[in-house]
Structure formats: structure tokens, C-alpha cells
1. If I filter segment 96-104 for residues that are in contact with a helix residue (DSSP H, G or I) (Cβ under 7 Å, 6 or more places away or on another chain) and either assigned to a helix (DSSP H, G or I) or surrounded by 18 or more Cβ atoms within 10 Å (Cβ to Cβ) (or both), do I get at least one hit?
2. Where residues in segment 105-117 are within 15 Å of residue 41 (Cβ to Cβ) and surrounded by 15 or more Cβ atoms within 10 Å (Cβ to Cβ), which of them is modelled with the highest pLDDT?
3. Select from segment 21-69 the residues that are touching a residue at least 60 places away in the same chain (Cβ under 8 Å) and over 20 Å from the mean Cα position of the chain (by Cα) and write down the one among them that is surrounded by the fewest Cβ atoms within 10 Å (Cβ to Cβ).
4. So which residues in segment 254-275 are more than 21 Å from the chain's Cα centre (by Cα) and loosely packed, with under 14 Cβ neighbours inside 10 Å, if there are any at all?
5. Only strands (runs of 3 or more DSSP E) wholly contained in segment 137-233 count here; list those with 2 or more residues that are in contact (Cβ under 8 Å) with a residue 24 or more places away in the chain and closer than 25 Å to residue 271 by Cα.
6. So residue 93 fits all but one of (1) assigned to a loop (DSSP other than H, G, I, E, B); (2) over 30 Å from residue 195 (Cβ atoms); what number is the exception?
């Protein structure tokens, strides 16, 4: 494909954050890359899109920096210049928002054991007893997830302490945490260990890496991504394709995400094409939002 999407992160102690921000902006602008990069004292987290040749040059640039040489760079096919609307590079307190403050952890000191995609694939095939906990938001889970996995029911990742209480019964079981690319699980798995979970793993490379290596095996539906594609999979054998998402209006199978047309709400939800047609291409998440948008209620 002409365009590629690059996904990567690394937990590493960083300083001179503004200098790093400026150098990242300069290389991205030079290569005409768009997307989002978050830089913090604890590391870097990024998703970028652009021409394949420019993405390749960016990876070379990053690998020339000894701090980032060992990053696991994940690539997938993009669709074009509109995969991202703009370039955003920000310095923040965290590369994934936990808001744990003094209760936060350093994944370089405490994190779950890695289970590589090949090994997890074997676990699935051999029927090993383990419990896969999905560390993504529920709207991500709805459109695609590992079979028999546990939906953490996140509205946002900062809800992690409450989620841990819900899975307390798994403390003495083999637990595998999984998320899109791995960045959330580096912290989540470590926090589970700190809270007394005894046998905790995290999927190396995340769902993205697993799906790319074993398309259509064990992961049902599509992977939610935070770019213009919205959802992706790597399936070429159509017999393996499964739709797990359901329209929030009619409950029929669908993977079509829209935003509520009430701009003060803008909720992200699944709405099939038939239901969109019924709204004259102006979908609302509920009746109240429709009435508010039309000025019929305050």
C-alpha cells in the first residue's frame, strides 16, 4: 500500500521534553506525517500516518537514537492523507492517562510477563486455562475482541482501580491482559501484580501484532483504531470473518461507528446503514439528544 500507519510506544525515563517535542515535530513535518504523539517523563506513545517511504525514513530516524532503537514498531496499511486530520505532538504527565498520582507504577520496574502471539495462539489451541482481560474501553471491545475474553467495562483507562475490584476473583488464576498495541497493559499488568494477582501476563505487541500474525484466529470482529479507518482487520480468508458488533438502535450486526449528531454529546456508537437512513443521515444516540439538537427541550 502507498500509505502506512505506524503505532509504537516505549516506557523510558526522558528529559528535555520540549526539545524532544520540537525535534519530533520537525521530522514529522519534514516527512509530511500526521497523527498523534504524546511525550512524558515516563516515555513516548505515538500513532502516525503517511507515505510508506516516509514512514520508513521516520523509523530509521528513530532507530538512530539509542533511546528508541529497541522499539517495537507496528505497521498497517493506511487509506490516504485523511487517516489523520493533522499532526499533534504534546507533552503531558503520562503517555496513557491513569491519574493514579502517587499510586502510579513504573513499568520498567513492575509489569506482567510477556506472552508472545505464538505462545498465546498455542494456549488457545491447547485449551490452557487462562483468563484474558481486555484493557480497552468498552466501545473498542464492542466491535472486536478475543473469544471468551473479559470486557473490563472501561469508560476510560483511569477507571482501572474499579475494574480490578471486579476481577478480584481471578487473583490466583493465570491472567492475560491485552490492548491494542500494548501500552495500556504495560501498566495494567503491573498494577494487577501490585494488587496481589499471582500469575499475570501481557500480550507482547498487543492485539495488533496477534491479529496480523494470526488473522481470523481467536480474535473475533475488528480492531478499533484511533484514526480515519476506525476499524481494521488483516483477514484475507472471508470464511474467517465474524461480525460481533451490534447496532445500538436495532441490535442487528454492524461495525459502523458514528458520532451523535448532537454536538454537545458527540457520543461514539454503532449505527447500521439502515438506521442511519431512517434518520436522514443525522444519527442521534438517543431521543433526548435528538430533541435537544432540534431545540425542542433544554
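The values are calculated or read from the model by the stated rules, or taken from the named source; none is laboratory data. Because the structure is predicted, anything quoted here is derived from the model rather than measured. Neighbour counts run over all protein chains shown; Cβ positions are idealised from the backbone, glycine included.
1. Taking segment 96-104 as the starting set, the residues that turn out to be in contact with a helix residue (DSSP H, G or I) (Cβ under 7 Å, 6 or more places away or on another chain) are 96-99.
So of that shortlist, the ones also either assigned to a helix (DSSP H, G or I) or surrounded by 18 or more Cβ atoms within 10 Å (Cβ to Cβ) (or both) come out as 96, 98.
Yes, because at least one residue in segment 96-104 is in contact with a helix residue (DSSP H, G or I) (Cβ under 7 Å, 6 or more places away or on another chain) and either assigned to a helix (DSSP H, G or I) or surrounded by 18 or more Cβ atoms within 10 Å (Cβ to Cβ) (or both).
2. Taking segment 105-117 as the starting set, the residues that turn out to be within 15 Å of residue 41 (Cβ to Cβ) are 105-109.
Cutting the leftovers down to surrounded by 15 or more Cβ atoms within 10 Å (Cβ to Cβ) gives us 105, 107.
Numbers: 105: 92, 107: 96.
Result: 107.
3. Going residue by residue through segment 21-69, those that are touching a residue at least 60 places away in the same chain (Cβ under 8 Å) are 21, 24-25, 28, 35-36, 42, 45, 47, 49.
Of the ones still in play, those that are also over 20 Å from the mean Cα position of the chain (by Cα) are 21, 24-25, 28.
On the way: 21: 16, 24: 21, 25: 14, 28: 22.
The extreme case among them is 25.
4. 263, 264, 273, 274
5. Values: elements: 144-146, 174-178, 199-203, 219-221.
So the answer is 144-146, 219-221.
6. (2)
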